[in-house]
Amino acid sequence: MRAVAVFPKTKEIKLIDHPEPNVTRPTDVKVKIINVGVCGTDREIWSGEYGDPPAGSDYLITGHESFGQVVEVGPAVQAVKVGDYVVLTVRRGCPENCIACRQMRQDFCYTGHFTERGIKGAHGYMTEFVVDDEKYMNLVPPEIKDIAVLLEPLTIAEKALMQVFTIQSRLPWECRLEQGGANQTCHNAIVLGAGPVGLLGAMALRLLNMDVHVVARDRAPNPKEELAKSLGALYHATSEKTPQQIAEQIGNVDLVFEATGAAKASFDFLQVVGPNGIFIFTGVPAPMIDITLDAGMLMRDIVLKNQVVLGTVNAPKIAFENGIRDLLEFQKRWPEAVRSLITGFLPLERFQETVKRTDREEIKTVLTLGPSLPLQRAGACAEPATGGRK
């Protein structure tokens, strides 16, 4: 079968012929991949910054943002059936089976010896078929199959918000709305970055009835500003306003959701978090020159203002389940906006066109893997949509 693979030793990326996997265990599920998203992580792996092949292999099949259809199940599988649409989780537990991994919370693995499909020690989803255990399958309702490839990046925000509400239970955080005040808001949120994770995070925060402010580099008007406005969010350009000026316009900053991987911009906005606020780091910056900051002032504010700085990575199964719920709601409230997050569809063979991003208006590019299988063979698959972005 076709697959996009990176060869770390030779620093090559190419389309290869890889053996098709088979169902061998009672709880195995075989999935026909329909769409796979391309993100910054994939591009960093392709450029040789990281990415580890499975043991005994000299290449790694990349891709971790999946959407597919079940074509075969083992005799003990109960969670899904042939024909179901699914998205697979990414991380698998460590061989030591630490306390977190024993509880299916590989996202909090203590040993660091986990594997991640398409990233570390396990082949990913940029290929025609995958086989995995049923416990890693997330059932997707057919009504969101055209946008389900957005689920994995959405889970970054979903996990972050799970932690926010756990942490902020330390204080009166829940909105107490006056009678008749269904549209009243009580929290101000900044989203740093107008890429797929940032905009999906903005949508999730709007579902929580927060006043959301999307901050990005490009001046308005631009397509991302229009998309933010369609959600009921405001857009600010860092090329026009300083973090302090943006914060003055917003009022108390209760939450910052960072989705850029830009260290300097992130620490600049950490300085404007308000009393009892929480700053969430989700990006992983590339190596860069040192930045200068007033560490004493940051430390003083964090202590005296009861602030929290949170780092979060990967996502557990419950975050995928929450994301499916929210994608259904996104489609109901903002059908055009959520579809516009996908700015391009390309066949797998044209993956090289996504290696370097040159279009500033791109949000999410999705690779498609051809038409569905015949029903008599393994169950019908959805035809990939056309149009597109990440």
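Every number in this text was worked out from the coordinates using simple rules, so none of it is lab data. Just so we're clear, the structure is a prediction, and the values are computed from it rather than from any experiment. So basically every Cβ, Gly included, is an ideal-geometry build from the backbone, and we count neighbours across all protein chains shown.
Points worth noting:
- Local electrostatic count, Thr282, Cβ distance below 12 Å [Lys/Arg +1, Asp/Glu -1]: -1
- Remark on segment 10-90: Rg and Dmax equal 14.8, 42 Å (Cα only).
- Separation of segment 206-246 from segment 10-38 is 38 Å, based on Cα centroids.
- Bridging of Lys11 to lysines at a Cα separation below 23 Å is possible for Lys120, Lys356, once same-chain residues fewer than 8 apart are set aside.
- Panel order for Val191, Val38, Val70, by other beta carbons found within 10 Å of each beta carbon, from fewest to most: Val70, Val38, Val191.
- The angle separating the long axis of helix 295-304 from the principal Cα axis of greatest extent in the chain is about 80 degrees.
- In sequence order, segment 55-62 has phi-based couplings of 4, x, 10, 9, 9, 10, 6, 8 Hz under the Karplus curve 6.51 cos²θ - 1.76 cosθ + 1.60, θ = phi - 60°, and Gly or Pro positions carry x.
- Cut-off under 5 Å, modelled amide H: who pairs with Ala122 long-range: Glu116
- Taking other C-beta atoms within 10 Å as the exposure proxy, Tyr125, Tyr235 rank Tyr235, Tyr125 from fewest upward.
- When the C-alpha to C-alpha distance is required to be over 28 Å, the pairs from Lys14/Lys135; Lys30/Lys145; Lys32/Lys135; Lys224/Lys264 that qualify are Lys14/Lys135.
- Listed values for segment 92-97 are Karplus-derived 3J(HN,Hα) couplings in whole Hz (6.51 cos²θ - 1.76 cosθ + 1.60, θ = phi - 60°), namely 10, x, 7, x, 6, 6, and x replaces Gly and Pro.
- Shown in residue order for segment 147-156 are the 3J(HN,Hα) couplings computed by the Karplus curve 6.51 cos²θ - 1.76 cosθ + 1.60 at θ = phi - 60°: 10, 5, 5, 7, 4, 4, x, 5, 5, 4 Hz (x for Gly and Pro).
- Mean residue ellipticity at 222 nm, helices only, the chain: -7500 deg cm²/dmol; runs of at least 4 DSSP H residues each add -39,500 (n - 2.57), and the sum is divided by the number of residues.
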